[in-house]
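Quick note: the coordinates plus some simple rules give every number you see, no bench work behind them. Quick caveat, the model's predicted, so the values are computed rather than measured. Note: ideal-geometry Cβ built from the backbone for every residue, glycine included; neighbour counts use all protein chains shown.
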Amino acid sequence: MMRVLYLIFNEGYTATADDRLARVDLTREAIRLTRMLHAALADDPEATGLLALMLLTESRRAARTADGDLVPLDEQDRTMWDRDLIAEGTALIDGVWNRGQAGPYQLQAAIAAVHAAASTPDQTDWAQIAVLYLWLERLTPTAPVRLSRVVAVAHAHGPARGLALLDDLNQRHHLDRHPLTRQREHAVRAHLLQMTGDTARAAALYRQAADLTANRVEQRYLLGRAGDLA
């Protein structure tokens, strides 16, 4: 049940196709149902973690787009974040964090809480986020988690470390070649190359990533990134 609710929320938060980035109807319904599940399973730390994750993620929705275009996390106007949702989500994850080994939803909620605690992008505790993603990868070794850890490592320890980790992951898991992961891998590598100052290669990879997504909002964002580097 929790996995289904999480999938519904994710599809609402980042639509896989169409000209909209998000579907608010799906995210709201997922949160409503997860509140019901949490009420029924009040002692289940993963149910609590899932609700906390949804609330903390949803808290950024108003700042996530501007004039229909995607605004990345480090460029969002954080005064637009919903502080009530952040307070509720943070309290939920704080309340279950010390109950033993954290599960995947608790770890993701903790990552979201670290982001929410930073008043500015520069205040983000990327080192803590990188460690949390390492723990999460051990529990759920999926491509999105691995690629998110790459980004966290790059911000915590420099883009060279991030690129080295990405190369290692590609050797072992072929993220750059698999149809389901290639688009995200290209976008992450482009971001890291941009951090190093290699704008030509970054722009080329942003364009390749844009060609591999069916979401028009994401396409515009990636092509805009490429255009900014031209």
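So the values come out like this:
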read-out	value
Degrees between helix 182-196 axis and first principal axis of the chain (Cα, 0 to 90, nearest 10)	70 degrees
Label-point separation in nm, R83 to D211, each point 7 Å along Cα→Cβ	4.7 nm
Cα radius of gyration and Dmax for region 1-109 (Å)	14.1, 44
Farthest positive-ward along the chain dipole, Cα basis, beta-carbon charges - from S148, L175, N215	L175
Computed helical MRE - 222 nm, the chain, DSSP H runs ≥ 4 contributing -39500 (n - 2.57), nearest 500	-22000 deg cm²/dmol
Segment M36-A200, extension gain: residue separation times 0.36 nm, minus the distance between their alpha carbons	54.1 nm
Dipole magnitude of region 1-99, debye to nearest 20 (Cβ charges: Lys/Arg +1, Asp/Glu -1, about Cα centre)	220 debye
Residues in region 186-230 reached by a label modelled at E75 [backbone nitrogen below 12 Å; 7 Å Cα→Cβ]	220-229
Ratio of Rg to Rh over region 25-178 (Cα coordinates, Kirkwood Rh, two decimals)	0.98
Simple Cβ-charge dipole of the chain, Lys/Arg +1 and Asp/Glu -1, about Cα centre, in debye nearest 20	480 debye
0 to 90° range, to nearest 10: angle between helix 216-229 axis and the chain longest Cα axis	50 degrees
Mean separation of Cα contacts under 8 Å, 6 or more apart, over the residue count of the chain: relative contact order %	17 percent
